[in-house]
Amino acid sequence: MTEGAEADSLTVSAQNFAAEMTRLGRILRAARGDRFSLETLAERSGVSAGLLSQIERGIGNPSFQTLLRVAGALGISLVELVDSSNSEHAPDHYVVRRHERRTMAWPLEQISFELLTPRGQREVNVLRSVLPPHSRVQGFYDPQYYRGTVCLYVQRESVAVGMADGSRVLHAGDTLTCRSEQISTVGNPGAVAAELLTITTPGGL
């Protein structure tokens, strides 16, 4: 990639990030509505009113755990808070078309999740994750937000899973199955983006 092309790519990436932050701010304002003041939401979520205000104005850079806390305090799902899809439910509730996948993006960790199962599926959820090189997400399976059984399947490259009794490195084709509370971190230790399927039961996203 030439220097000019690389600079253009960085500019587009920055523009996409700014647009995502603005969209997230609109969703947060709409979800908060007249139900909670910023101060009340701060008390309920444990996130400062200043940071909440920044997020609503599209200038914040919230972490994954921050968004988890805010969604929980608002009484909505993570998908509802960070969903970047504007499409309505497909007429066929059994099928999720590729272009209609509901997407969750965590700007700070630079990790995205695509929900492959229909929204609201209670028995099981399947998510496709793209983990950039040297990235790591912490708290996704925090018992405060989710309890159940998790199966991780690595589709491409390698994924490191931090657990109470030590870390495991899973390579393409490997699976790991355990209770959600046993997982502390999931990350990509390599220099190439990794793909991961996460199956959770029960569902609920």
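Report, by residue number, each residue of segment 103-124 that is part of a loop (DSSP other than H, G, I, E, B), hydrophobic (A, V, I, L, M, F, W, C) and under 19 Å from L67 (Cβ atoms).
Matches in segment 103-124: L108 only.
Quick check on my filter: what residues within segment 28-41 are in a helix (DSSP H, G or I) and over 21 Å from the mean Cα position of the chain (by Cα)?
Within segment 28-41, L38, E39, T40 meet the criteria.
Give segment 165-184 a look and list any residue that's among the charged types (D, E, K, R) and surrounded by 11 or more Cβ atoms within 10 Å (Cβ to Cβ), or say none.
Passing the criteria: R168, D174, R179, E181.
How many of the residues in segment 143-161 are modelled with pLDDT under 95 and surrounded by fewer than 18 Cβ atoms within 10 Å (Cβ to Cβ)?
6
Could you please let me know if S48 is surrounded by 12 or more Cβ atoms within 10 Å (Cβ to Cβ), at pLDDT 85 or above and not assigned by TED's automatic domain parsing to the domain that holds D142?
In short, yes.
Six or more apart or on different chains, Cβ under 7 Å: which pairs go from a residue in segment 38-59 that's free of Cβ contacts under 8 Å to residues at least 24 places away in the same chain to one that's exposed (fewer than 15 other Cβ atoms within 10 Å of the Cβ) and among the acidic types (D, E)? Could you list them?
Every condition considered, the pairs that remain are A49/E39.
In segment 68-84, which residues are modelled with pLDDT under 80, in contact with a Leu (Cβ under 7 Å, 6 or more places away or on another chain) and small (G, A, S)?
Once the filter is applied, which keeps residues that are modelled with pLDDT under 80, in contact with a Leu (Cβ under 7 Å, 6 or more places away or on another chain) and small (G, A, S), segment 68-84 yields only S77.
Residues of segment 153-205 being of a type in the set (D, E) and in contact with a helix residue (DSSP H, G or I) (Cβ under 9 Å, 6 or more places away or on another chain), which ones?
Matches in segment 153-205: D165 only.
I want to confirm something. Restricting to segment 85-105 and keeping residues that are among the hydrophobic types (A, V, I, L, M, F, W, C) and modelled with pLDDT of 80 or more, which single residue is farthest from R29 (Cα to Cα)?
V95
Of all residues in segment 181-191, count the ones that are part of a loop (DSSP other than H, G, I, E, B) and touching a strand residue (DSSP E or B) at 6+ places or on another chain (Cβ under 8 Å).
Residues meeting the conditions: 3.
Go through (1) surrounded by 15 or more Cβ atoms within 10 Å (Cβ to Cβ); (2) at pLDDT below 85; (3) over 26 Å from T117 (Cα atoms) and name the single condition Q65 misses.
Condition (3) is where Q65 drops out.
Considering segment 176-201 alone, what residues qualify as being closer than 17 Å to R128 by Cβ and among the aliphatic types (A, V, I, L, M)?
Once the filter is applied, which keeps residues that are closer than 17 Å to R128 by Cβ and among the aliphatic types (A, V, I, L, M), segment 176-201 yields L176, V186, V192, A193, A194, L196, L197, I199.
Would you call L108 hydrophobic (A, V, I, L, M, F, W, C), at pLDDT below 75 and assigned by TED's automatic domain parsing to the domain that holds Y141?
yes
The values are calculated or read from the model by the stated rules, or taken from the named source; none is laboratory data. As the structure is a prediction and not an experimental result, all values here were calculated from the model. Positions of Cβ are generated from backbone atoms using ideal geometry, with glycine treated the same way; all protein chains shown enter the neighbour counts.
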